[in-house]
Structure formats: C-alpha cells, structure tokens
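As structure tokens, the structure follows; a few thoughts come after it.
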Amino acid sequence: MPTFTNARVFDGHRLLPGRKTVVVEGDRIASVGDGPAAGEAIDLAGMTLLPGLITCHFHTDFYKFTLADGLAGEPLGKELPPGVLMAIGVRNCGVLLDSGFTGFVGAACGHDIDAQLKLAIAEGIVEGPRIRACSVHIGTTGDVNDSRKWWRRFDSPGTDVFVDGPEDMRRMVREFIRRGAETIKIFTSSGHGGLPWPVPRNMDRDEIAAVVQAAHNRGAMVRAHVATREMIRECVELGVDIIDHGDEMDEEIVAMMAERGTFWVPSLVYPSCMVALGWADAALPGQIANVKAMLPLAQKAGVRILVGDDYSGVFRGVLEDDPLDHKVGDYGREFGFYGALPGLTAEEILSWGTANAGAALTGGRDKLGVIEPGALADLVVFDGDPLADLSLLARPQEALRMVVRDGKVVRDRTTYRQHAPADG
C-alpha cells in the first residue's frame, strides 16, 4: 500500500497545482493533499503520478493475423485453437501492464476469453489488468463478417456469431451475459477501414432494440461497430452505450450523445494506416477528416471520448513499425496521435484514457481513472511531463517508473525511497 509524496498529479481531468502527497489504503486512494507524508513514502521527486491508463477498444486475442481472413475466408477466432488464443490474451495482458495500462474495456473476443481472463486474474492464477469483459461480435446471417465460404461452417463460433430476429437476439445476449460478458458487441453497419459491404446496415432496428433492452435488463452495456450516419443516429437513439468508430458522425448526433452520456471510441489509427497504404476505399479519407473535425466539437459538447483501437499486428510485415502491434509502448501512441489534432488540449486527451475510460470500465458504478479519495488505486508513475509531451506515454521503457494495480505495486522501476517525517 504505497504512499507517494512530492508528486506532480494529473487527477484524470487536470494537473493539480504544486506537489502532492497521495495515500493509498488497501485498494483505494485514501487522501490527496499538500505537504509531506506521515511515515514511509515513495518520494517521486516531481515525477508525474496519474491514474492507470485504460484502453477501451481491446480485442484480447487478436494477434498475428490479417483482417482479410475474417471478411471472405476463415472466420476470426479460428486461426488457432482456443487455448492458444487464451495464451495470446495472457501475453497481451502483460504487454498492457508493461505499457502503463492497468485496465481494458473489451471490444469482442472469441471463446469467452475476456471473461475467463478476468476470472483467472481475480483468482491470482495470472497477473493482468482490470477488465470489462466483452462478448463476441453479434451480427446477422450473411452480413459483412459472415464468411462467403458457406460450405465451411464451424461447429463452434470464433469471434463472430450470426443471429436473426429480436427474439433470438435477446436469447443470445442473455447467454453471453450468463457466460461472463459485461458488454455486448454488435456489428450494425459496415465501414471503417473500407469493409466491402454495399448496403447501409447489418442489423434491423428491432434487432438492435432487442439487444439493448436485454443487455440493460441484465446490467450489461452495449457497444456497436457503426460507421454510417443513419446507423450511428439509430444506435444512439436506441440506447447503445459505446459507439465504435462513428466515421460519419455529425453535429446533431454529437449533441444527442452528449445529452445521453454515450461514449465514443473514434479509433482513427487503423483507418489512417489503411489510407496510407492505399488499402481503403475512396470514401475513407473524407470520413477520417470528418472524425478529426468532429472530435473538438464532441469534446466541447461533453461527449465522453475514449482511446482504443484495433490492435492486432495487422500491419506487421507491411509497415516497418506497426503502430497497432501488441508491443510495449504501442498503446500509448494514441495520445500523441490525437494530440497532433487542432482544437484539443493534452489534458482533454489524457482524460480519454483515464477519467472517461474509468467510467466506461466500471459502468459508472465505482470511481476509477481518477486520483481522488475513495477511487480505486490503479496508478502509474512517469518520469517526465506527459502533458507537455504526450508521446512520453508511448515510451514506457524509458519513462514508466511504477504501475500500481488495485493498491499493489505490480511494476517497480524506481531507484530510491525515503522516510518522510510527519512534521516535514
């Protein structure tokens, strides 16, 4: 249960003035104050203490594959046996901690891997971040993710299941929640990275409504892969909690999301890479430009924006330095990526991966992603000022000094401690 003193503190919203002492008791932050610590403390000597970073679009078992496998050939989640995919998830959890990320909000996985990882971490079997477990992608028969090789159906699903009609949607949602999913992922439209699908929707309105109702009645959230304007509006109207991508977002939808408290994960790194490589359709550059223009407006309106992207190693072997590989430091690149956009401050962008992300991970049922009394003690220490240079968060090998998860130190690269007397 560490106590930190002489710390620069970003509290999840802003940089607090002066140097602070932060006391942890059990798995909670007990106090944040001025002056020296009363007893043994870790002297941060002006290093930055901030909430543990949280990525909010995480596919735990995505690793070393190409997305083309899931569009017309073999389904995602069938590249390797389930046990090997679980091993990939364990590996990626370690990469998260080594990068300063103490939590993730799942965005779909096969074989109930999120829920099983969460249980294994809680049982102390493996070490890992705080998890909000997600279901598979739920889509409909013959949609953009359904393999055209119809004669090669598998006995069990991978990362996608295909369901038709509101009644079967409700049944499927309840089944995945029974198996440990806390978020239900639906694939409501094509788009984002140029998915080849000529029609505007994957799911009908009554199917989306059934998923939302069934999930909310069981205390789960719903997130939707959705890119086209009308489908984004429909998802927000029907109560979807997290909008993934939102390529054709507009000001009317932004206002509706702000009013309803909807989260938004723009995940722009992946489509930006697609455009740079010439792999995307003609509409995508304009959609990326649209999202970049909408982000400052959404921030000003109060939309809860989140970091997270399609990490998978999809560009491994194509780009010399794949920004979406599961490598230490890659997850933190997003902060600098968004920091380069006009109209957004470093504090705002950092809040996407801390305070906003904490609210998404807990569903608003606990305090996470903030440094304030009563909050869960997931914390990281960086040597330097990430608010002056967001790219620091992409260099944990040189700048990350400590990771605290649930009040316990799980990574420690500090070089000294001190006993701070109570009277200073």
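The values are calculated or read from the model by the stated rules, or taken from the named source; none is laboratory data. Remember, it's a predicted structure, so these values are computed and weren't measured experimentally. Neighbour counts run over all protein chains shown; Cβ positions are idealised from the backbone, glycine included.
Going through region 166-182 one residue at a time, which ones are out of contact with any Asp or Glu (no Cβ under 6 Å at 6 or more places or on another chain) and either within 14 Å of Gln213 (Cβ to Cβ) or charged (D, E, K, R) (or both)?
Once the filter is applied, which keeps residues that are out of contact with any Asp or Glu (no Cβ under 6 Å at 6 or more places or on another chain) and either within 14 Å of Gln213 (Cβ to Cβ) or charged (D, E, K, R) (or both), region 166-182 yields Glu167, Asp168, Arg170, Arg171, Met172, Val173, Arg174, Glu175, Ile177, Arg178, Glu182.
Tally the residues that are within 18 Å of the chain's Cα centre (by Cα) and outside any loop (DSSP other than H, G, I, E, B), restricting the search to region 299-320.
Counting residues in region 299-320 that are within 18 Å of the chain's Cα centre (by Cα) and outside any loop (DSSP other than H, G, I, E, B) gives 3.
Write out, first by first residue and then by second, each pair whose Cβ atoms fall under 9 Å of each other, whose residues are 6+ apart or on separate chains, and whose first residue, in region 356-367, is in the same structural domain as Ile131 (by TED's automatic domain parsing) while the second is aliphatic (A, V, I, L, M) and surrounded by fewer than 24 Cβ atoms within 10 Å (Cβ to Cβ).
Qualifying pairs under 9 Å: none.
What about Met203, is it out of contact with any Lys or Arg (no Cβ under 8 Å at 6 or more places or on another chain) and either assigned to a strand (DSSP E or B) or touching a residue at least 40 places away in the same chain (Cβ under 8 Å) (or both)?
Considered against the rule, which asks whether it is out of contact with any Lys or Arg (no Cβ under 8 Å at 6 or more places or on another chain) and either assigned to a strand (DSSP E or B) or touching a residue at least 40 places away in the same chain (Cβ under 8 Å) (or both), Met203 comes out as yes.
So which pairs qualify, if the first residue must be in region 254-280 and farther than 21 Å from Ala340 by Cα, the second must be modelled with pLDDT under 95 and of a type in the set (A, V, I, L, M), the Cβ gap must be under 6 Å, and the two must be at least 6 apart or on different chains?
Ala280/Met274
Taking interchain pairs and intrachain pairs at least six residues apart, which have beta carbon atoms under 9 angstrom, with the first residue in region 39-63 and on the phi > 0 side of the Ramachandran plot and the second of a type in the set (A, V, I, L, M, F, W, C) and crowded, with 24+ Cβ neighbours inside 10 Å?
Close Cβ pairs satisfying both conditions: Ala45/Ala7; Gly46/Ala7.
Just need a number here: residues in region 7-66 that are crowded, with 16+ Cβ neighbours inside 10 Å and charged (D, E, K, R).
Residues that pass the stated criteria total 7.
Among Val222, Val236, which is the only one that is of a type in the set (Val, Ile, Thr), part of a helix (DSSP H, G or I) and either surrounded by fewer than 24 Cβ atoms within 10 Å (Cβ to Cβ) or assigned by TED's automatic domain parsing to the domain that holds Ala181 (or both)?
From the options Val222, Val236, the qualifying one is Val236.
Take Phe315 and decide whether it is farther than 30 Å from Arg218 by Cβ and outside the structural domain of Asp247 (by TED's automatic domain parsing).
Here the answer is no, as Phe315 does not meet what is asked.
For region 274-285, indicate whether the set of residues that are under 17 Å from Thr188 (Cα atoms) and either touching a strand residue (DSSP E or B) at 6+ places or on another chain (Cβ under 8 Å) or part of a helix (DSSP H, G or I) (or both) is non-empty.
No; the residues of region 274-285 include none that is under 17 Å from Thr188 (Cα atoms) and either touching a strand residue (DSSP E or B) at 6+ places or on another chain (Cβ under 8 Å) or part of a helix (DSSP H, G or I) (or both).
Take the residues in region 152-190 that are of a type in the set (Val, Ile, Thr), within 22 Å of Gln116 (Cα to Cα) and touching a helix residue (DSSP H, G or I) at 6+ places or on another chain (Cβ under 6 Å), then tell me which one is surrounded by the fewest Cβ atoms within 10 Å (Cβ to Cβ).
Only one residue fits best here, namely Val173.
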